[in-house]
1. With at pLDDT below 90 and either under 30 Å from Ile60 (Cα atoms) or in contact with a Leu (Cβ under 7 Å, 6 or more places away or on another chain) (or both) as the only criterion, which of Ala112, Ala80, Ala116, Ala105 stands out?
2. Return a yes/no flag: does region 52-73 have any residue that is outside any strand (DSSP E or B) and touching a Pro at 6+ places or on another chain (Cβ under 6 Å).
3. In region 1-41, which residue that is small (Gly, Ala, Ser) and without any contact (Cβ under 8 Å) to a residue 60 or more places away in the chain is nearest to Ile106 (Cα to Cα)?
4. Would you tally the residues in region 27-58 being under 15 Å from Leu78 (Cβ atoms) and of a type in the set (A, V, I, L, M, F, W, C)?
5. If a residue has to be closer than 22 Å to Arg61 by Cα and loosely packed, with under 15 Cβ neighbours inside 10 Å to count, how many in region 1-29 make the cut?
6. Checking Val94 against (1) at pLDDT 90 or above; (2) over 16 Å from the mean Cα position of the chain (by Cα); (3) under 26 Å from Pro10 (Cα atoms); (4) not in a helix (DSSP H, G or I): exactly one of these is not met. Which one?
7. Across region 67-112, which residue is surrounded by the most Cβ atoms within 10 Å (Cβ to Cβ) among those that are of a type in the set (A, V, I, L, M), within 25 Å of Gly52 (Cα to Cα) and free of Cβ contacts under 8 Å to residues at least 40 places away in the same chain?
8. If we scan region 20-32, do we find a residue that is modelled with pLDDT under 85, over 14 Å from the mean Cα position of the chain (by Cα) and outside any loop (DSSP other than H, G, I, E, B)?
Amino acid sequence: MFQQESINVPVLGIIENMAYFTPEELPDNKYYIFGKEGAKHLSEDLNVPFLGDIPLVQSIREAGDVGRPAAMQTATLLEASFEKLTQNVVQEVVKRNTSLPPTEAIKITTMAGCSAVKK
């Protein structure tokens, strides 16, 4: 969608969420419940960078339930995943900022058709 000529929003890359399941008691095991490397293949097809994958682990849900970002977990499998993902996103933002002009700010002049506006 973002690469359509009428929209033309730069895509930094693709992230695969719930890439594999890793049970807490077997942290070295990876079970590819939803298939393997689908986002990586999609990024190749679309010619955009693959930024990383995030495993499906219970602690992400638990952290979200108490309002603590999963990315703040330390000394876990997630720490390495989020750290690598962050490095890749920063790298792509730097590339974007050096190779493309600044994003043009668009001013919204009407709220017609917006369901949030009381009629």
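The values are calculated or read from the model by the stated rules, or taken from the named source; none is laboratory data. Computed from a predicted structure; not experimentally measured. Backbone-built Cβ (ideal geometry, glycine too); neighbour counts: all protein chains shown.
1. Numbers: Ala112 fails: either under 30 Å from Ile60 (Cα atoms) or in contact with a Leu (Cβ under 7 Å, 6 or more places away or on another chain) (or both); Ala116 fails: either under 30 Å from Ile60 (Cα atoms) or in contact with a Leu (Cβ under 7 Å, 6 or more places away or on another chain) (or both); Ala105 fails: either under 30 Å from Ile60 (Cα atoms) or in contact with a Leu (Cβ under 7 Å, 6 or more places away or on another chain) (or both).
Checking each option against the conditions leaves just Ala80.
2. As a first pass, look at region 52-73 and keep what is outside any strand (DSSP E or B): 57-73.
Restricting the remaining residues to those that are touching a Pro at 6+ places or on another chain (Cβ under 6 Å) gives none.
Looking through region 52-73, none of the residues is outside any strand (DSSP E or B) and touching a Pro at 6+ places or on another chain (Cβ under 6 Å).
3. Taking region 1-41 first, the residues small (Gly, Ala, Ser) are 6, 13, 19, 35, 38-39.
Next, only the ones that are without any contact (Cβ under 8 Å) to a residue 60 or more places away in the chain stay: 6, 19, 35, 38-39.
Details: Ser6: 14, Ala19: 35, Gly35: 39, Gly38: 34, Ala39: 31 Å.
By that ranking, first place goes to Ser6.
4. Residues in region 27-58 being under 15 Å from Leu78 (Cβ atoms) and of a type in the set (A, V, I, L, M, F, W, C): 3 in total.
5. Narrowing region 1-29 to residues closer than 22 Å to Arg61 by Cα: 14-29.
Narrowing further to those that are loosely packed, with under 15 Cβ neighbours inside 10 Å: 17-18, 23-29.
Within region 1-29, residues that are closer than 22 Å to Arg61 by Cα and loosely packed, with under 15 Cβ neighbours inside 10 Å number 9.
6. Answer for Val94: the failing condition is (4).
7. Of everything passing the filter in region 67-112, Leu78 is surrounded by the most Cβ atoms within 10 Å (Cβ to Cβ).
8. No, every residue in region 20-32 fails to be modelled with pLDDT under 85, over 14 Å from the mean Cα position of the chain (by Cα) and outside any loop (DSSP other than H, G, I, E, B).
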